[in-house]
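*Asks:* Structure provided below as structure tokens; questions to follow.
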Amino acid sequence: MARRKAKWAGNAKTAIGLVLIGGFALLAIVGPWVAPYDPSQRSADLLSGPSSRHWFGTTSLGQDIFSQVLVGARGVMLIGFGAAAVATMLAVAVGVSAGYFGGWTDEGLSLLSNVFLVLPAVPLAIIVSSLLHGASDLAVLLMIGCTSWAWGARVLRAQTLSLRRRDYVEAARSVGEPARRIIGFEIVPNLTAVITSSFVGNVMFAVMAELVLAFVGVSGTSDWNWGTILFWAQSQQALAQGAWWWFVPVGLAIALLGTALSLLSFGVDEFVNPRLRETARHRVRTWTGRAVRIRGGFTPVLELVTQAGAEDDAVLRVERLSVDYGVGEAATTAVREVSFTLRRGEVLGIAGESGSGKSSLVQGIARLLPPPAVIRSGSVRYFAPAAEPVEVLALTPAELRAFRWEKLAIVFQSAMSSLNPVHKISAQLTDVLATHRPGMTAAARRERAAELLRLVGIPPNRLGSYPHELSGGMRQRVMIGMALALEPEIVILDEPTTALDVVTQRQILLRLTSLQKRLGFSVVFVTHDLALLAEFADRVALMYGGRVCEVAPVAELVRAPAHPYGVGLLSSFPELSGPRRKLTGIAGTPPDPRTMPSGCAYHPRCPRAFDGCAGAVPELLPLGPGKQEHAVACWLHQSGRSVDRS
Ligand SMILES: Nc1ncnc2c1ncn2[C@@H]1O[C@H](COP(=O)(O)OP(=O)(O)OP(=O)(O)O)[C@@H](O)[C@H]1O
């Protein structure tokens, strides 16, 4: 708290803005009491300039303009801030709901906003005030507030639309947070700058609208506010008479109020955006980590392969899972009837070229597919120890929230964007615990958060840091710590070390695998990097064109890949030991899922293809007796022939 206060104080713009606004607020409170004259009281000093008796001069009736300015501040501040508060609350409620919930809610609320956008607020207020023969301050406040929210709502809707798919919002959803909490904790804090500037804009608009109403004489010409002063100055032709003092002081007061609001808006922007703030202050030394990508993903391994003895120790079983993007004739199939079993305590690697369907598969398993993706068919069963299997695809939203994170945790690809930039690491770690362990005390949650940081090799004093104060590798480890918060049985990592330097990559994976051995969870590790899998995985499944084409224990796959695609992939990587050999790679490009080749999807690129390969899709079958663990979907093997490693 003290640190926060110091930051406010250290922000000169905020401080000046606050002092000025505070001054105006004080004026609004005490103005009528400290004014030297009654603002309506006439005197013999007609239209005289500033003097020691009348600091701001007098009107054509001899009234003291200084007193009028002091007394008038109350109405301006009351209506300006009151109407802005009403407008901002309406804008947040409408804009955030429309952006977050989408669908019919969005359509209905957007229609409402559009209607209010075309309503001319000030002329409407003038007409209503005229009908009421002069409206009260409260009526003016409500009129302005209720007619000026629509623009802010549109901006907030657009911002919410861009926030709702951010990784940290998806992460919160996957943690099982209810919508109101996601909106309150993940979305609205990130809109603070927009809400503040919307509020400041609304104050300015309300002040102006109120001045216009007073200026045209519809909100009562005897109630003193700054608009009333301008109304009388205009009607008595002060400008033509050279009585500049009649409108200049009030004009300066309005300009000063606008300046104060703008300064406050800038200051709040810096305050709520730690990155902006840090540029102006000393920066905590962080590693130079680049953005880290971590995403959760399973990949298919074949059911047949895992039949021998695998059933008892299965923790997750995926059967014939298919994922489409879109529906009907326009649908593109990204995952095609993938089946695999994940065993308790194993690290299953999933590899394949870009576009082979790895992420779609993993997101399908966790039911985190973004629209327009849909699960077309299949089954995902979770096996709890000594309990009935659970069909994940049939879970209700509430059951799904409990399943994710408790049983299955996902580390998203981008650690930086998975961590909410406006919350400290401690808040983000304890939030997962608060959602799933409501009975835990705040102190216990904080202790557990520190323990989780220690677990992933980060000093607990980093709990007070913001995400941007950590290196890419540290952020990634925080995400892994967060995934382990509830001790899940399955952890999905999707390309967890892409974009990190090789040293950091290895450090993180070594720590992860040592934790995995200690805590006993199962890992699905999606990556392009076969060399990493060779070091860290127990088994590897290769994906091509949305299907698993080969699955085997990692040592066997590296030693003797059976599918020509596996051969090609391994030929693209240098070996760590042994004689030097030419890296050949794979000619051509992966297939477009919209125009998938017939038969084996790899046949157009396959150096061993023969006529039969284009006919039908080969099944994923064990290589033979004694090779139950090594399965391949290739016509070469199904017709009894073998393939040489080239
Ligand atoms: N929103 C989408 N609309 C249509 N098709 C999509 C969409 N997202 C992905 N696809 C298609 O689905 C297929 C599988 O994509 P996916 O991202 O799952 O593959 P990947 O193996 O994870 O690739 P990468 O390693 O590049 O992340 C791709 O061919 C892609 O064209």
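The values are calculated or read from the model by the stated rules, or taken from the named source; none is laboratory data. Computed from a predicted structure; not experimentally measured. Note that each Cβ is placed from the backbone with ideal geometry, even for glycine, and that neighbours are counted across all protein chains shown. Just the protein is used for accessible areas: all its heavy atoms, side chains included, with ligands, DNA and RNA removed. Shrake-Rupley method; radii C 1.70, N 1.55, O 1.52, S 1.80 Å.
*Asks:* For segment 329-436, what does the accessible surface come to per residue with a 1.4 Å probe? Please give it in Å².
*Replies:* Heavy-atom SASA per residue in segment 329-436 reads 35 Å².
*Asks:* Which angle from 0 to 90°, rounded to the nearest 10, does the C-alpha axis of helix 12-34 make with the longest principal axis of the chain?
*Replies:* On a 0 to 90 degree scale, this one is about 40.
*Asks:* Put 245, 635 in order of accessible area, largest first, 1.4 Å probe: what do you get?
*Replies:* 635, 245
*Asks:* Does segment 304-393 come out rounded, prolate or oblate by the C-alpha gyration tensor, with a ≥ b ≥ c the root eigenvalues, rounded set by a/c under 1.5 and, if not, prolate when a/b is larger than b/c and oblate if not?
*Replies:* prolate
*Asks:* Please list 71-80, 519-528 highest first by mean number of surrounding beta-carbon atoms within 10 Å per residue.
*Replies:* Going by the mean number of other Cβ atoms within 10 Å, highest first, we get 71-80, 519-528.
*Asks:* Ranked highest first by average number of other Cβ atoms within 10 Å, how do 456-465, 476-485, 111-120 line up?
*Replies:* Highest-to-lowest ranking by the protection proxy: 476-485, 456-465, 111-120.
*Asks:* Another question, then. When the accessible area of segment 416-543 is computed with all protein chains present and a 1.4 Å probe, what percentage of it is carbon and sulfur?
*Replies:* Solvent-exposed carbon and sulfur of segment 416-543 make up 55 percent of the total.
*Asks:* Name the shape class, rounded, prolate or oblate, that the alpha-carbon gyration tensor gives for the chain, where a ≥ b ≥ c are the square roots of its eigenvalues, rounded holds for a/c under 1.5, and otherwise prolate holds if a/b is larger than b/c and oblate otherwise.
*Replies:* Prolate.
*Asks:* Follow-up question, since we're still on this one. State the percentage of accessible surface on segment 91-161 attributable to carbon and sulfur atoms; use a 1.4 Å probe and exclude ligands, DNA and RNA.
*Replies:* 73
*Asks:* Oh, and also: Between helix 248-272 and the chain, what is the angle of the helix's C-alpha long axis to the longest principal axis, kept within 0 to 90° and rounded to the nearest 10?
*Replies:* So the inclination is approximately 20 degrees.
*Asks:* I've got another one for you. Could you state the number of Å between the C-alpha centres of segment 86-149 and segment 181-227?
*Replies:* 12
*Asks:* Out of the DSSP beta bridges found with both residues in the chain, what percent are antiparallel (nearest 5)?
*Replies:* Taking every DSSP beta bridge with both residues in the chain, the antiparallel ones total about 65 percent.
*Asks:* Roughly what angle does helix 192-215 make with the longest principal axis of the chain, taking Cα atoms, 0 to 90 degrees, to the nearest 10?
*Replies:* Once rounded, the angle reads 20 degrees.
*Asks:* Looking at the chain, which longest stretch skips every one of the GluC sites (Glu not before Pro) that is in a DSSP loop with at most 15 other Cβ atoms within 10 Å, leaving the sites themselves out?
*Replies:* 1-574
*Asks:* Would you rank 14, 441 by solvent-accessible area, highest first, keeping every protein chain in place and using a 1.4 Å probe?
*Replies:* The most accessible residue leads, giving 441, 14.
*Asks:* Starting from the Cα gyration tensor of segment 359-402, take the square roots of the eigenvalues, sort them a ≥ b ≥ c, and report rounded, prolate or oblate (rounded when a/c is under 1.5, otherwise prolate if a/b is larger than b/c, else oblate).
*Replies:* It comes out prolate by the Cα gyration axes.
*Asks:* Divide, for segment 79-148, the radius of gyration over alpha carbons by 2.2 N^0.38 Å, where N is the residue count.
*Replies:* 1.25
*Asks:* Compute the distribution of all C-alpha to C-alpha distances in segment 386-522, in bins of 5 Å from 0, and list the percent of pairs in each, rounded to whole numbers.
*Replies:* Calculated over all Cα pairs of segment 386-522, the distribution is 2, 10, 19, 22, 21, 14, 7, 3, 1 percent.
*Asks:* Right, something else. Apply 1/(1 + (r/R0)^6) to the Cβ-Cβ distance of residue 592 and residue 234, taking R0 = 41 Å, and write down the FRET efficiency to the nearest 0.05.
*Replies:* In this case the efficiency is close to 0.05.
*Asks:* Can I ask one more? Which trypsin sites (Lys or Arg not before Pro) does segment 99-196 hold that lie in a coil by DSSP with at most 13 other beta carbons within 10 Å?
*Replies:* Passing both the DSSP loop test and the Cβ count: 165.
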